[in-house]
Each structure stands twice: as C-alpha cells, then as structure tokens.
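**Q** One structure follows; several queries about it will come next.
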Amino acid sequence: MSSDWLSPEEERRALAVLDAAFGIPPESLAGHRLLRRGQHVFAVRREAAGACDAYRWVGAGLRLFKASESGALKPSTPGLQVFGRAATRRLCDLDGAALRALLSGQSLPWAGEDGPILLRWQGSPLGLGLARAGQLVSQLPRAVTEHLRVGW
C-alpha cells in the first residue's frame with residue numbers, strides 16, 4: 001500500500017495553518033513528514049516514514065489535523081498537545097475556576113479575537129477552544145474532559 005504523503009507545497013500550506021493561528025513555527029515539525037489518511041493528516045517521524053510505505057497500516061503517527069468538507073484544516077487536540085508548546089499567540093491560560101467552568105460546559109467571557117484558541121493549564125496545552133461573539137467555549141473531546149475531571 002502506498003502512503004499518501006503530502007507534497008512539499010501541501011506541507012507548507014498545512015504548517016502555515018499552525019503558524020498563522022497559533023504562532024507555531026514550521027520548524028517545530030522539522031523532524032516529521034505529513035501523511036493524509038481519509039479526512040485526517042498525521043505527523044510521522046521521518047525515521048518511521050519508511051515503515052508506512054512498507055507495511056499495510058491503519059493509522060500512523062500523531063493526528064495533527066482534520067480536514068473539513070471545504071478542505072480547511074482544523075488542528076487536532078493530540079497535535080496541539082504535543083506541538084502547542086511552541087505556540088506564541090491565540091492562547092488562553094486557564095486558572096482552576098475557568099477550567100472547571102469549561103469542563104462543565106459553560107462558556108467564559110472573551111475579549112480577544114474570534115476563532116480557535118489554544119487552551120492551556122499551568123503552561124501545558126490542553127487543546128482547542130473556540131472564541132465567538134465575546135464568549136470562549138471548549139472544543140476539547142470527551143476523552144480529554146473526562147480525564148481532567150478526575151479529582152475535581
């Protein structure tokens with residue numbers, strides 16, 4: 001089975017999404033190749049890329065994006081949890097009360113620009129929030145929110 005690697009131009013466009021949205025420099029993924037599988041784009045370590053071509057596989061690497069029907073790339077929670085440490089903008093550092101509110105399904109007041117926001121707890125990226133009309137809501141998947149609720 002041949003793997004569907006993104007072309008260099010497609011890789012540049014994909015990495016530009018992370019740079020434009022969060023200030024994550026393309027160099028943060030220098031040791032990776034990007035692989036398309038269905039609606040998802042995965043980051044695969046360059047050392048492991050040959051195995052993707054040599055074997056039949058179901059999934060490989062770290063899910064970095066999901067493509068919408070329009071072709072727009074939405075960053076994934078796992079990708080942001082790993083590469084989001086390099087983010088320099090569109091960040092929201094949550095305190096305990098704000099994190100509990102988001103985990104319970106509440107929105108937070110937001111004075112920044114609309115769009116995707118990288119949610120962080122104690123400097124560590126948790127995943128995406130979405131700011132719209134002065135409100136910030138969680139876009140964290142249930143698997144993440146259930147894990148974070150433990151002990152609260």
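**Q** What accessible area per residue, rounded to a whole number of Å², is obtained for the chain using a probe radius of 1.4 Å? Numbers along the way, then the final one.
**A** On the way: 8390 Å² over 152 residues.
Normalised by residue count, the accessible surface of the chain is 55 Å².
**Q** While we're on this one: So what are the ³J(HN,Hα) numbers for the stretch 138-143, from phi and the Karplus equation (6.51, -1.76, 1.60; θ = phi - 60°), rounded to whole Hz, Gly and Pro as x?
**A** Result, rounded to whole Hz: 6, 10, 5, x, 4, 4.
**Q** Just want to confirm a number: the relative contact order over the chain, from Cα pairs under 8 angstrom separated by 6+ residues, in percent.
**A** Working: 254 pairs, mean separation 27.1, N = 152.
The value is 18 percent.
**Q** While we're here: Using the crude model of +1 on Lys and Arg Cβ and -1 on Asp and Glu Cβ, and no other charge, please compute the dipole size for the stretch 7-121 relative to its Cα centre, in debye to 20.
**A** Working: 16 positive and 12 negative charges, 71 e Å.
About 340 debye.
**Q** Shifting gears a bit: Relative to the present Cα-Cα distance, how much length would full extension add between THR88 and ALA20 at 0.36 nm per residue of separation?
**A** Here the answer is 23.4 nm.
**Q** Putting +1 on Lys and Arg Cβ atoms and -1 on Asp and Glu Cβ atoms, find which of HIS147, GLY96, LEU15 reaches farthest to the positive end of the dipole of the chain.
**A** It is HIS147, whose Cα lies furthest towards the positive end.
**Q** What does the extension gain come out to for ALA101 and LYS66, with contour length at 0.36 nm per residue minus their alpha carbon separation?
**A** Working: separation 35, 0.36 × 35 = 12.60 nm, distance 2.65 nm.
In short, 10.0 nm is gained.
The values are calculated or read from the model by the stated rules, or taken from the named source; none is laboratory data. Just so we're clear, the structure is a prediction, and the values are computed from it rather than from any experiment. Reconstructed Cβ throughout: ideal geometry from the backbone, glycine too, with neighbour counts over all protein chains shown. Note: areas computed on protein heavy atoms with side chains; ligands, DNA, RNA excluded. Shrake-Rupley method; radii C 1.70, N 1.55, O 1.52, S 1.80 Å.
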